[in-house]
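Below is one structure, written out as structure tokens, with a few remarks after it.
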Amino acid sequence: MRNLARSMVLAAAVAGVGWQAHPVHAQTAPGGGATQTAPTTRPPADVPVKQVVLFSSGVGYFEHFGTINGEGATELRFKTSQINDILKSLVLQDLDGGTVNTITYPSHDPIAKTLRSFQVDITSNPSMADLLNQLRGAKVAVQEADRQVDGIILGVETKKRPIEEGEESVDVSVLNLIAGGKMLAIELDAVRSIELQDPQLQDELSRALTALAQARDQDKKPVQIHFAGEGERRVRLGYVVETPIWKTSYRLLLPATADDKPKLQGWAIVENQTDNDWDNVQLSLVSGRPISFVTDLYQPLYIPRPVVMPELYASLRPQTYDAGIENQLKFGDFAPAPGQPGRDRASQVAANAALGEQLTDRQKAMRREMSGPALATASPASAQPLDPTASVRTIASAAKVGELFQYTVGNVSLPRQTSAMIPIITDEIEVERLSIYNASVLPKNPLNGARVKNTTGKHLLQGPITVLDGHSYAGDAQVDNVPPGQERLLSYGIDLQVRVDATKNRNDSSLMTAKIVKGVLELTHKNVFTQEYLAENKSDKQKTLIVEHPLRQGWKLVDTEKPIETTETLYRFKGSVEPGKGSKLVVKEEIVQGQAVAILPADITALVTYAKNGSIPEDVRTALSQAIEMKQKVIDLQRQIDERKQLWKQIGEEQNRIRENMRTVRQPSPYYDRLMTKLNVQESKIETLQTEIESLTEQLEAQRKELETFLATMNVG
């Protein structure tokens, strides 16, 4: 235990020397000696976040704005999981003529691999003896209780030292030094401190310990961005990282009197899950879903390479190449013009030119202001947009960007790891009160609801709606995305004042027509389904009722009023129910379906039924009757053949009985002669049956062939 404690003290002493020597760099003097100079250090500049754009797809764009003096740097800290997004999306701009130098961040190599890259390997938590063995040949100053020894480490060995006479000895680590041409052995237990005299070893050990300390905080990674230039300059930087999606919740205020108008109140729910406080930032909430993904750029990748042996006995043969066909670019010129930048650059310039034509007067004035002296003190929300290519410009103040809609809120302050509700909509809106009935939702009552038309001019993102009717809570509803000008139905409670009876329905089927095509009877049936909805209003006010009826593929409405709208799964019918009265809606649907019946194998009873059906055309019934007559002859012949075969079978069984009796009767005898006579008569009957079966079979084949020929050439109807 005493040895372990002393080893820990010595390790701390060495580490202290390393940390003290970390900011000192060794330079070789002209005379061959080493001089030490302390580099000029400057704290990182503060570049706070000034603009935040949150998307409903789970990503956010963050833009920082600040000043840098000379060759300065700024440091941002990110979670390890965010580094890939930073490496993929980080954009930078020095607004006053400076340039961006390097961007440094801690490596993501395993800590063991990082530690092994230093001259002093502390990967396996070495003891003091193991650490000093790694430093063999290094100059050190060893401080004992009564003396200091300067020398070069020769190594560390283990020796046996008895504690007391008659007891077992213990292992003692001994440091061997070369000092002034002498070899000295110093027990490590007697050493108070060891000072490294080599600045490079001090720096290596200090950096190894720094890497080990940083590895303990795996969730936070510093990213340092270095700028080069003169004087004080404005810099901007932006990046995209994963963020919680911003959410919306609404309050639908239904008026208590006819003079009031309904209003919609919308709140955006925003979370600041970053490590930066938002202090007077411009917050933009975009109701769009850009495609975003994560690429593993942070993890170092090592690809195994093949080992290629040198070719000792064969030289590489000269290569010849066939002429190629010049590719003619089509569907847009993707190649850069002579002396011009590539396609991406050109397309961006053209896009910006086209976009500039669509700017409002206010936006053009804003751009003129951003190009003037006011830019020096402006924040990113009102200054020229970040331009990593010095030419791309965006319209930050636009409310609608393509198919997306953006809410912009200025001067938002939100501390880190906190959330906020921000009002984004307080507008009047068109609302029609309704009762919505769907038998699959509730079989007897409709739901209290409303048809809401988005007249706010803003895109309503999906979210919950709390409905307040006359300042009283009426229920909750859920709404999907509603672009400006579109309508949606909402339901927020059960309408107990209206009852609906949807139990009466019937399904009728009838034969419409038929035809015969090459021996196949093609029938056309019509199925008619009728559903009645009987609604009764027990309130003292007129009710507007929406009935949702299932839409079945292939069925069409007949003798039914036109629905007000149709979705992929249902019809919606609209009507009114007077107070204290009832109203009925009849929905009739029909579908026409075909049925194919092969006449030759079909049951003759079914064919006879079709031949007597008045819905079938007369020529089809006549042809069908002829086919039935011919088919009946085939059936009769087959029946006669089967009867004779059955009789033949019975005679054969009787003959077997007679032969068994003849074996038991003495011959000659009268009984034996009688059996013999009977057997002869039966043989004569079998011969007759055989002749008749052959004749009937020939007739059957001829009749069947005649029927098949008749059906194959029949096309009636």
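Given the residues 491, 510, which is the only one that is touching a residue at least 12 places away in the same chain (Cβ under 8 Å), in contact with a Gly (Cβ under 9 Å, 6 or more places away or on another chain), open to solvent by less than 80 Å² (accessible area, probe 1.4 Å) and of a type in the set (S, T, N, Q)? Outline the logic, then answer.
On the way: 510 fails: in contact with a Gly (Cβ under 9 Å, 6 or more places away or on another chain).
Being touching a residue at least 12 places away in the same chain (Cβ under 8 Å), in contact with a Gly (Cβ under 9 Å, 6 or more places away or on another chain), open to solvent by less than 80 Å² (accessible area, probe 1.4 Å) and of a type in the set (S, T, N, Q) holds for just one of 491, 510, which is 491.
Are any residues in region 474-506 of a type outside the set (Lys, Arg), more than 17 Å from residue 434 (Cα to Cα), touching a strand residue (DSSP E or B) at 6+ places or on another chain (Cβ under 7 Å) and modelled with pLDDT of 90 or more, and if so, which ones?
Listed by number, the residues that qualify are 501, 502, 505.
Identify, please: which residue in region 388-420 is small (Gly, Ala, Ser) and assigned to a strand (DSSP E or B) and is, among those, modelled with the lowest pLDDT?
Ranking the qualifying residues of region 388-420, first place goes to 410.
Might you check whether a residue that is closer than 30 Å to residue 712 by Cβ, β-branched (Val, Ile, Thr) and open to solvent by less than 40 Å² (accessible area, probe 1.4 Å) occurs anywhere in region 527-544?
Among the residues of region 527-544, not one is closer than 30 Å to residue 712 by Cβ, β-branched (Val, Ile, Thr) and open to solvent by less than 40 Å² (accessible area, probe 1.4 Å), which makes the answer no.
Out of region 559-575, which residues are among the aromatic types (Phe, Trp, Tyr) and either within 19 Å of residue 591 (Cα to Cα) or surrounded by fewer than 16 Cβ atoms within 10 Å (Cβ to Cβ) (or both)?
571 - this is the single residue of region 559-575 that is among the aromatic types (Phe, Trp, Tyr) and either within 19 Å of residue 591 (Cα to Cα) or surrounded by fewer than 16 Cβ atoms within 10 Å (Cβ to Cβ) (or both).
Inspect all residues belonging to region 559-569 and state whether any of them is under 57 Å from the mean Cα position of the chain (by Cα), on the phi > 0 side of the Ramachandran plot and of a type outside the set (A, V, I, L, M, F, W, C).
Yes, region 559-569 has at least one match.
Restricting attention to region 225-250, which residues are more than 30 Å from the chain's Cα centre (by Cα) and either open to solvent by 60 Å² or more (accessible area, probe 1.4 Å) or within 21 Å of residue 419 (Cα to Cα) (or both)?
230, 232
Of the conditions (1) outside any strand (DSSP E or B); (2) exposed (fewer than 14 other Cβ atoms within 10 Å of the Cβ); (3) at pLDDT below 90, residue 423 clears all except one; give me its number.
(1)
Determine which single condition residue 621 fails, assuming it passes every other condition in (1) among the basic types (Lys, Arg); (2) outside any helix (DSSP H, G or I); (3) surrounded by 14 or more Cβ atoms within 10 Å (Cβ to Cβ).
Failing condition for residue 621: (2).
So which strands (runs of 3 or more DSSP E) are wholly in region 488-600 and hold at least 2 residues that are basic (Lys, Arg)?
Values: elements: 498-501, 505-517, 520-537, 543-550, 570-577, 582-598.
Per the criteria, 505-517, 570-577, 582-598.
Tally the residues that are surrounded by 11 or more Cβ atoms within 10 Å (Cβ to Cβ) and without any contact (Cβ under 8 Å) to a residue 24 or more places away in the chain, restricting the search to region 662-680.
First, the residues of region 662-680 that are surrounded by 11 or more Cβ atoms within 10 Å (Cβ to Cβ): 662, 665, 671-676, 678-679.
Still in the running and without any contact (Cβ under 8 Å) to a residue 24 or more places away in the chain: 662, 665, 671-676, 678.
Count: 9.
Just to be sure, is residue 556 free of Cβ contacts under 8 Å to residues at least 24 places away in the same chain and loosely packed, with under 13 Cβ neighbours inside 10 Å? If you could, list the steps in order and put the result at the bottom.
On the way: free of Cβ contacts under 8 Å to residues at least 24 places away in the same chain: no; loosely packed, with under 13 Cβ neighbours inside 10 Å: yes.
No, not satisfied.
How many of the residues making up region 152-179 are of a type in the set (Gly, Ala, Ser) and closer than 15 Å to residue 201 by Cβ?
0
Return the residue satisfying two criteria in turn: it lies in region 682-714 and is basic (Lys, Arg) and open to solvent by 90 Å² or more (accessible area, probe 1.4 Å), and of such residues it is nearest to residue 629 (Cα to Cα).
Residue satisfying both the conditions and the ranking: 705.
For region 453-465, state whether one or more residues are β-branched (Val, Ile, Thr), open to solvent by 50 Å² or more (accessible area, probe 1.4 Å) and over 23 Å from residue 426 (Cβ atoms).
No, region 453-465 has no match at all.
Would it be correct to say that residue 702 is within 60 Å of the chain's Cα centre (by Cα) and hydrophobic (A, V, I, L, M, F, W, C)?
no
The values are calculated or read from the model by the stated rules, or taken from the named source; none is laboratory data. Predicted, not measured: the structure shown is a model, and the values here were computed from it. No Cβ is skipped: glycine too gets one built from the backbone with ideal geometry, and neighbour counts run over all protein chains shown. Areas reflect the complete protein model, heavy atoms only, side chains present, ligands, DNA and RNA absent. Shrake-Rupley method; radii C 1.70, N 1.55, O 1.52, S 1.80 Å.
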